[in-house]
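Trainee: Structure incoming, see below.
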Amino acid sequence: MNRFAPLALALLLCGAQAANTTYSIIVSGQVAPTPAIVVNGQTYVPLSALKLLGVQSSLKGTTLTLGGAATSTTATAPGGANQKPSLEGCLGETLFNGVWRMTVNSFKPGFEYGTHPGYILNLEWKNGSTRSVDALNSGLKEFTLVLADGTTLTSDNLQQLKYRKLPQAAGMTFNIPFYADDALPSLAQPSKLLVEIDPSIAAATSSGVTYTTPTPSFRVRLDCRK
């Protein structure tokens, strides 16, 4: 059962509203999977929409808590409870932050040197802006693969993406490998891909592009497909 958090929206609450009216929700350019509803003139927004804004929630007894403690400074691994707000989606789903369109198509296991296990992700990266731009000067920092047991792998093979200047509407499809540093018999299954993008870098360079969301980083869940 979906739980809804009330949201006071002056424009939506002006005048009488029919019970059980629904509204589609767009959060930072991304369509939320569950609509908002209006009951007795009160608009309710699903927690899944708040999650797209980076708002965490927890339910204990009859108390619903939104967000974490304001004084908490505990750091966690990428993809943990304090993960950065990002645009989130599944395998096969295209995410768009106003500059880049990214789709993770698939992943498969692989080995480096025959003994270092890892995974190879196939993804599509397209320029959705009105200018020619490369990923580095638009703020791309790193790709991190998070496994089901919390292990994180990073890739050193991003040069083809970071430094290639793509014209408007142009794109590329390529493989990104993530390997363990040590020789291991196996690894846990991939859980999510984190793509960190710093919008302040684009603002400080001559890229000329502007993100349409304050949270342009991508987070792709690898345990679901659209």
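Trainee: Restricted to segment 186-223, and to residues that are exposed (fewer than 15 other Cβ atoms within 10 Å of the Cβ) and among the charged types (D, E, K, R), which residue is nearest to residue 136 (Cα to Cα)?
Mentor: Filtering segment 186-223 for residues that are exposed (fewer than 15 other Cβ atoms within 10 Å of the Cβ) and among the charged types (D, E, K, R), the one nearest to residue 136 (Cα to Cα) comes out as 198.
Trainee: Taking segment 157-176 as the region of interest, how many residues are touching a Leu at 6+ places or on another chain (Cβ under 8 Å) and touching a residue at least 60 places away in the same chain (Cβ under 8 Å)?
Mentor: Qualifying residue count, segment 157-176: 1.
Trainee: Could we say that residue 152 is polar (S, T, N, Q) and at pLDDT 95 or above here? Give the steps one after another, and end with the answer.
Mentor: Numbers: polar (S, T, N, Q): yes; at pLDDT 95 or above: yes.
Yes, satisfied.
Trainee: List pairs: first in segment 177-206 and assigned by TED's automatic domain parsing to the domain that holds residue 220 and farther than 23 Å from residue 93 by Cβ, second polar (S, T, N, Q) and modelled with pLDDT under 90, Cβ under 9 Å, 6+ apart or cross-chain?
Mentor: That search, which allows pairs on different chains as well, returns 201/207.
Trainee: Taking segment 92-129 as the region of interest, how many residues are closer than 18 Å to residue 152 by Cα, touching a residue at least 40 places away in the same chain (Cβ under 8 Å) and among the charged types (D, E, K, R)?
Mentor: Within segment 92-129, residues that are closer than 18 Å to residue 152 by Cα, touching a residue at least 40 places away in the same chain (Cβ under 8 Å) and among the charged types (D, E, K, R) number 1.
Trainee: Only one residue in 118, 139, 110, 150 is out of contact with any strand residue (DSSP E or B) (no Cβ under 8 Å at 6 or more places or on another chain) and among the small types (Gly, Ala, Ser), so which one is that? So that I can check it myself, show each step before the final result.
Mentor: On the way: 118 fails: out of contact with any strand residue (DSSP E or B) (no Cβ under 8 Å at 6 or more places or on another chain); 139 fails: out of contact with any strand residue (DSSP E or B) (no Cβ under 8 Å at 6 or more places or on another chain); 110 fails: out of contact with any strand residue (DSSP E or B) (no Cβ under 8 Å at 6 or more places or on another chain).
Of 118, 139, 110, 150, the one residue that is out of contact with any strand residue (DSSP E or B) (no Cβ under 8 Å at 6 or more places or on another chain) and among the small types (Gly, Ala, Ser) is 150.
Trainee: Within the group 65, 71, which residue is at pLDDT below 95, in a strand (DSSP E or B) and over 15 Å from the mean Cα position of the chain (by Cα)?
Mentor: Working: 71 fails: in a strand (DSSP E or B).
Of 65, 71, the one residue that is at pLDDT below 95, in a strand (DSSP E or B) and over 15 Å from the mean Cα position of the chain (by Cα) is 65.
Trainee: Could you say which residue among 80, 98, 139, 54 is surrounded by 14 or more Cβ atoms within 10 Å (Cβ to Cβ), at pLDDT below 75 and within 18 Å of the chain's Cα centre (by Cα)? Talk me through it step by step, then tell me what you get.
Mentor: Values: 80 fails: surrounded by 14 or more Cβ atoms within 10 Å (Cβ to Cβ); 98 fails: at pLDDT below 75; 139 fails: at pLDDT below 75.
The conditions single out 54.
Trainee: Taking residue 133, is it more than 28 Å from residue 55 (Cβ to Cβ), crowded, with 21+ Cβ neighbours inside 10 Å, of a type in the set (A, V, I, L, M, F, W, C) and touching a strand residue (DSSP E or B) at 6+ places or on another chain (Cβ under 7 Å)? Give the derivation first.
Mentor: On the way: more than 28 Å from residue 55 (Cβ to Cβ): yes; crowded, with 21+ Cβ neighbours inside 10 Å: yes; of a type in the set (A, V, I, L, M, F, W, C): yes; touching a strand residue (DSSP E or B) at 6+ places or on another chain (Cβ under 7 Å): yes.
Yes: the conditions hold for residue 133.
Trainee: Here's something else I'd like to know. When residue 116 is evaluated against the numbered criteria (1) surrounded by fewer than 18 Cβ atoms within 10 Å (Cβ to Cβ); (2) modelled with pLDDT of 95 or more, which criterion, by number, is the only one it fails?
Mentor: That leaves (2) as the condition not met.
Trainee: Being polar (S, T, N, Q) and either farther than 17 Å from residue 174 by Cβ or free of Cβ contacts under 8 Å to residues at least 12 places away in the same chain (or both) is the filter here; which residues of segment 139-156 pass it? Give the steps one after another, and end with the answer.
Mentor: First pass over segment 139-156, keeping only residues polar (S, T, N, Q): 144, 151-152, 154-155.
Selection gives 144, 151, 152.
The values are calculated or read from the model by the stated rules, or taken from the named source; none is laboratory data. No experiment lies behind these values; they were computed from the predicted model shown. Quick reminder, even Gly has a Cβ in these numbers, built from the backbone with ideal geometry, and neighbours come from all protein chains shown.
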